[in-house]
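Comments concern the structure below.
The values are calculated or read from the model by the stated rules, or taken from the named source; none is laboratory data. Just so it is clear, the model here is predicted, and its values are computed rather than measured. All Cβ positions, glycine included, derive from the backbone under ideal geometry; neighbour counts span all protein chains shown.
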Ligand code: SF4
């Protein structure tokens, strides 16, 4: 049965000790995390970037054959930058959200032109490139360059929202700022690549939308949503806009 979350704003919970959380996450990842996905082998910035972009809005099982075909035809930045846009779009057919393919092509051209074909290694430079948001930039830095950069994709956002028991809509500016602070706070200096992968895996396989498998979760002892029994209600949906209410008085005349 769904529990009703009080509508009033709840105070935001303090963050846990990051070391404790990281230990739990690494122990779980070493045992259960996914390590054989195609983009987890030979983790170059190009491959990580491509997989991150393909995985936005699309499931892993759908992405795998696209990822492999794309790499066969465009194995590196240079080949992608030199390709006509039409052939990139052709390879993307069926994956949807075609602006992703256009941005990949544009970004490959910019990296070739402005960075001699080598991926930049700073958050600012990556975020300046078309189609690379803060979380994708964080994934490239942490997974490919092993730098302690935070990520906050849809999966990680769901985990952190529940862990912290955030009862407001996570898309709100204030909530997003809080979630980014949490993401940065928990990101380790060591093994940032495994940590990023583990958090994405946790969200994709355990802390799923709807009913999460909390009994299998390494964070269940500390997760506020789980401890309060409200995990199925979080993340909270975007609040609906209230329609303006108009009051009118109707008069009826009857002829007698
Ligand atoms: S305990 Fe449940 S709700 Fe909390 S992070 Fe784990 S899977 Fe998600």
### Summary
When (1) within 17 Å of residue 157 (Cβ to Cβ); (2) within 12 Å of the ligand (Cβ to nearest atom); (3) surrounded by fewer than 17 Cβ atoms within 10 Å (Cβ to Cβ) are applied to residue 237, the one that fails is (2)
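Out of 127, 78, 68, I need the residue that is exposed (fewer than 14 other Cβ atoms within 10 Å of the Cβ) and in contact with a helix residue (DSSP H, G or I) (Cβ under 7 Å, 6 or more places away or on another chain). Which one? Talk me through it step by step, then tell me what you get.
On the way: 127 fails: exposed (fewer than 14 other Cβ atoms within 10 Å of the Cβ); 78 fails: exposed (fewer than 14 other Cβ atoms within 10 Å of the Cβ).
On inspection, the qualifying residue turns out to be 68.
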### Summary
Only one of 102, 31, 134 is farther than 28 Å from residue 191 by Cα and either free of Cβ contacts under 8 Å to residues at least 60 places away in the same chain or in contact with a strand residue (DSSP E or B) (Cβ under 8 Å, 6 or more places away or on another chain) (or both), namely 102
### Query
Within region 184-202, can you find the residues that are free of Cβ contacts under 8 Å to residues at least 40 places away in the same chain and closer than 14 Å to residue 16 by Cβ?
184
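Only one of these is more than 16 Å from the ligand (Cβ to nearest atom), surrounded by fewer than 21 Cβ atoms within 10 Å (Cβ to Cβ) and at pLDDT below 95: 188, 244. Name it.
Details: 188 fails: at pLDDT below 95.
Sole residue among the options that is more than 16 Å from the ligand (Cβ to nearest atom), surrounded by fewer than 21 Cβ atoms within 10 Å (Cβ to Cβ) and at pLDDT below 95: 244.
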### Summary
When (1) under 15 Å from residue 51 (Cβ atoms); (2) under 18 Å from the mean Cα position of the chain (by Cα) are applied to residue 148, the one that fails is (1)
### The lone exception for residue 6 - which of (1) closer than 30 Å to residue 239 by Cβ; (2) buried (at least 16 other Cβ atoms within 10 Å of the Cβ); (3) modelled with pLDDT under 95 it fails
(2)
### Message
Need pairs with beta-carbon distance below 6 Å; first residue over 14 Å from residue 12 (Cα atoms) and within region 220-241, second part of a loop (DSSP other than H, G, I, E, B) and within 10 Å of the ligand (Cβ to nearest atom); sequence gap 6+ or separate chains.
### Response
226/220; 231/212; 232/211
### Task
Take residue 162 and decide whether it is in contact (Cβ under 8 Å) with a residue 24 or more places away in the chain, assigned to a loop (DSSP other than H, G, I, E, B), more than 26 Å from residue 42 (Cα to Cα) and within 16 Å of the ligand (Cβ to nearest atom).
no
